[in-house]
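The values are calculated or read from the model by the stated rules, or taken from the named source; none is laboratory data. Fair warning: this is a prediction, and the values are worked out from it, not measured in the lab. In this analysis, Cβ positions are derived from the backbone assuming ideal geometry, glycine residues included, and neighbour counts consider all displayed protein chains.
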Amino acid sequence: MATHGNRESAQKLGDKVVSSGKETLEELRAKVRERFKENPVLYTGVAATAGFLVGGGLLSGTTLRLLRRSLILALQLTVVPVLLDRMREAIVEQMP
């Protein structure tokens with residue numbers, strides 16, 4: 001009979017844990033939905049990034065091409081304007 005009592009206690013404890021877990025999960029879902037509604041682009045980007053990483057995309061050829069092109073674009077947007085400004089200044093200084 002002691003074993004039966006232990007089973008009932010374990011069952012009750014298990015039911016409480018499951019019930020508590022369901023409530024916590026529902027609260028978490030509600031919070032995630034609220035935050036997603038506030039900033040859907042951010043969370044869509046996070047989900048896409050997570051899927052990309054989990055899918056093994058980090059070390060793929062596509063990633064390397066994307067990084068290479070991003071670096072080239074960043075250099076074009078930062079270095080080229082500085083060089084053009086310096087060239088303009090040098091030309092203006094040479095003019096009488």
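Could you list all residues from the range 54-77 that are part of a loop (DSSP other than H, G, I, E, B) and surrounded by 10 or more Cβ atoms within 10 Å (Cβ to Cβ)? Listed by number, the list holds a single entry, S60. Going by what's in this entry, would T44 be described as β-branched (V, I, T) and at pLDDT below 90? No. Among residues of the range 61-77 that are free of Cβ contacts under 8 Å to residues at least 40 places away in the same chain and β-branched (V, I, T), those with a beta-carbon under 8 Å from a residue that is assigned to a helix (DSSP H, G or I) and surrounded by 10 or more Cβ atoms within 10 Å (Cβ to Cβ) at least six positions away or on a different chain give the pairs T63/G57. Can you tell me how many residues within the range 63-79 are over 26 Å from A48 (Cβ atoms) and either at pLDDT below 90 or touching a strand residue (DSSP E or B) at 6+ places or on another chain (Cβ under 6 Å) (or both)? So the count comes out to 0.
For residues in the range 78-96 being more than 47 Å from the chain's Cα centre (by Cα) and aliphatic (A, V, I, L, M), which is surrounded by the most Cβ atoms within 10 Å (Cβ to Cβ)?
For the range 78-96, the residue satisfying everything is V92.
One line per residue, one yes/no per condition, for (1) within 16 Å of the chain's Cα centre (by Cα); (2) at pLDDT 90 or above; (3) hydrophobic (A, V, I, L, M, F, W, C):
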{"residue": "R29", "(1), (2), (3)": "no, no, no"}
{"residue": "V32", "(1), (2), (3)": "yes, no, yes"}
{"residue": "A48", "(1), (2), (3)": "yes, yes, yes"}
{"residue": "V54", "(1), (2), (3)": "yes, no, yes"}
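Residues in the range 1-53 that are of a type in the set (V, I, T) and closer than 30 Å to L64 by Cα: V41, T44, V46, T49.
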